[in-house]
């Protein structure tokens with residue numbers, strides 16, 4: 001566990017919870033609880049990233065997960081015509097894409 005935490009800190013994370021999104025940890029893993037196989041897999045992943053970085057290769061880019069606020073999630077459920085009507089009511093000019 002200490003080796004994994006050290007590698008995460010070398011990668012710029014404070015702790016397991018801080019690395020949850022970028023590393024794809026589950027809630028259990030973010031609390032620092034890993035099976036032996038899980039820990040070994042993440043250690044291998046971090047070591048590969050370090051080696052690629054030292055070889056001058058760009059690290060594999062994974063888009064960060066999109067985190068929506070509660071308001072954004074609610075707006076996605078509203079039909080487009082209702083959103084357009086509300087924006088027009090507020091003085092916006094709206095047109096279809």
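Key figures for this structure:
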item	result
Condition met for residue 30 (over 18 Å from the mean Cα position of the chain (by Cα) and surrounded by 12 or more Cβ atoms within 10 Å (Cβ to Cβ))	no
Complete set of residues in region 18-39 that are in contact (Cβ under 8 Å) with a residue 12 or more places away in the chain and farther than 13 Å from residue 8 by Cβ	31
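To keep it simple, each residue is scored yes or no on (1) at pLDDT below 90; (2) surrounded by 12 or more Cβ atoms within 10 Å (Cβ to Cβ); (3) outside any helix (DSSP H, G or I).
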| site | (1), (2), (3) |
| --- | --- |
| 12 | yes, no, yes |
| 43 | no, yes, no |
| 52 | yes, yes, no |
| 59 | yes, no, yes |
| 68 | yes, no, yes |
| 73 | yes, no, no |
| 81 | no, no, no |
| 97 | yes, no, yes |
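The values are calculated or read from the model by the stated rules, or taken from the named source; none is laboratory data. Computed from a predicted structure; not experimentally measured. Please note: Cβ atoms are built from the backbone with ideal geometry, for glycine as well, and neighbour counts cover all protein chains shown.
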